[in-house]
1. Quick one: with all protein chains in place, what share of the accessible area of the range 115-234 is carbon or sulfur, to the nearest percent (1.4 Å probe)?
2. How far apart, in nm, are two points set 7 Å out from the Cα along the Cα-to-Cβ line at K37 and at K107?
3. Multiply the residue gap between N30 and K161 by 0.36 nm, knock off their C-alpha separation, and tell me the result in nm, one decimal place.
4. Can you work out the accessible area per residue across the range 88-159, with the rest of the protein chains kept in place, probe 1.4 Å, in square angstrom?
5. Enumerate the aspartates and glutamates that K79 could reach by cross-link, defined here as Cα to Cα under 16 Å, with residues fewer than 8 away along the same chain left out.
6. Give me the percent relative contact order of the range 27-166, please, defined on Cα pairs under 8 angstrom at least 6 residues apart.
7. ³J(HN,Hα) across the range 193-198 via Karplus (A = 6.51, B = -1.76, C = 1.60, θ = phi - 60°), whole Hz, x for Gly/Pro?
8. Which ³J(HN,Hα) values, rounded to whole Hz and listed in residue order, are derived for the range 55-67 from phi using the Karplus coefficients 6.51, -1.76 and 1.60 in 6.51 cos²θ - 1.76 cosθ + 1.60 with θ = phi - 60°, glycine and proline given as x?
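The values are calculated or read from the model by the stated rules, or taken from the named source; none is laboratory data. In this text, all values refer to a predicted model and were calculated from it rather than measured experimentally. Positions of Cβ are backbone-derived with ideal geometry, glycine not excepted, and every protein chain shown enters the neighbour counts. Heads up: the accessible areas ignore ligands, DNA and RNA and are worked out on the full protein's heavy atoms, side chains in. Shrake-Rupley method; radii C 1.70, N 1.55, O 1.52, S 1.80 Å.
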Amino acid sequence: MRFRLTFFNFFFILFQFLFSVVNAQDIVKNLESQYNKTVPNSNERFEVAGKYAQVLFFNEQQDKAHKILNQNIQLAEKKSDGKYAAYLYSILAITYRIEDQLIDSKKSLEKAISASKRSSNLEIKGYVNYCEGWLNYRNQEESKAVKNFIQAIKFYEAAPKSSTILQRLSAVYKELTSIYANWNEYELHEKYSKLLLEVALKQNDPNTIFDAYMAMGHLYEQQFFQNEKNIDLR
């Protein structure tokens, strides 16, 4: 069963839209400044390039986003460590999928997987698995997506602490809550909703915390619809 457009879901969509409109230009300018301050072909440039390209893409600057990604992929591919090539190819795969360019998306994912094999970095291996799961979910292959997400979690849990690990864990938990909600798997839906909130509260990011509380609200909403006599859920 897919999500019903309930009050919670409608409010969430509306809030996200209004928030993005207000902050979009500031975020683009901030990341553009960060990007221009980094040295070309440096690890810092590759990290910022991925974030910058994603923000450009979702702010109606798709051509510029693809240009940033492809320029940096060419340089990252020359590195012996495939970490940054895998990272950027993963983002490229997702952008192509959103644009319904399925063949290019698949090719980019394959290159991301190949590049990740040239790296010992566990976090990037987790990120590639997350992106593969994200794509499988949107391609209606939910069982495959769950396997990808579980594997991503294993890599993240084994990886050293970093400034991005919690944010990436949150993204995986969020996807799993969505799938298990669709499947009416209430125990697993609750498990990953609570994990999402737990990890979100460790981050200084209002958006992530907001998402987590909305996920918890949706969890109890779904449970309440199954048993409206249980007013504690309400």
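1. Here carbon and sulfur together make up 50 percent of the probe-accessible area.
2. Result: 3.7 nm between the two label points.
3. Numbers: separation 131, 0.36 × 131 = 47.16 nm, distance 2.55 nm.
Fully extending the segment from N30 to K161 adds 44.6 nm.
4. Values: 3370 Å² over 72 residues.
Dividing the accessible area of the range 88-159 by its residue count gives 47 Å².
5. By straight Cα distance, K79 reaches E44, E47.
6. On the way: 170 pairs, mean separation 22.7, N = 140.
Taking the mean separation of contacting Cα pairs over the length of the range 27-166, I get 16 percent.
7. 5, 5, 5, 4, 5, 4
8. 5, 4, 4, 7, 10, 6, 10, 4, 4, 5, 4, 5, 5
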